[in-house]
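Undergrad: Provided herewith is a single structure, encoded as structure tokens, for subsequent inquiry.
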């Protein structure tokens, strides 16, 4: 079983390969940006076991893009970054938040 931290670092490195500065882990804090990305690990996915031990641990998380730009190029950049590093992902939701004016994209991802 690979290190949990190595799996998280792999995901972080994939996102940080995007030419964009506003990428946060867990929380965007006090960002006043009109575009930012937040990612987090959320738990274990469907892992593989052998002899009552983890043979392969799958980690799941989410990545969220908050943007005020319609057809934002970051949507494709995020998907391309995960795809290039063989990170499984699904686009879960796209919502318009009327109170903030943000378009909010959410992807679920998995690394093993």
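Nothing in this text is a laboratory measurement; each read-out follows from the coordinates by a stated rule. This structure is a prediction, so every number in the text was calculated from the model and none was measured. Every residue, glycine as well, gets a Cβ built from its backbone with ideal geometry; the counts of neighbours run over all protein chains shown.
Undergrad: If you stretched the chain out fully between residue 22 and residue 47, how much longer would it get, using 0.36 nm times the residue separation minus the C-alpha to C-alpha distance?
TA: Here the answer is 5.8 nm.
Undergrad: Starting from the exponent 0.38 and prefactor 2.2 Å, build the expected Rg for the chain from its residue count and divide its actual Cα Rg by it.
TA: Rounded to two decimals, the normalised Rg is 1.14.
Undergrad: Okay, next question. With an 8 Å cut-off on Cα pairs and a minimum separation of 6 or more residues, tell me the relative contact order of segment 1-100 in percent. Can you show the working numbers first?
TA: Details: 107 pairs, mean separation 25.5, N = 100.
Relative contact order comes out at 25 percent.
Undergrad: Sticking with this one: Relative to the first principal axis of the alpha-carbon coordinates of the chain, what is the inclination of helix 73-84, with its axis defined by its Cα atoms, in degrees from 0 to 90 and to the nearest 10?
TA: So the inclination is approximately 10 degrees.
Undergrad: Restricting to DSSP H runs of at least four residues, report the calculated mean residue ellipticity at 222 nm for the chain, -39500 (n - 2.57) per run over all residues, nearest 500 deg cm²/dmol.
TA: Computed ellipticity for the chain at 222 nm equals -7000 deg cm²/dmol.
Undergrad: On to the next question. Assuming R0 = 30 Å, what is the FRET efficiency of residue 5 and residue 93, from their Cβ-Cβ distance, to the nearest 0.05?
TA: After rounding to 0.05, the efficiency reads 0.60.
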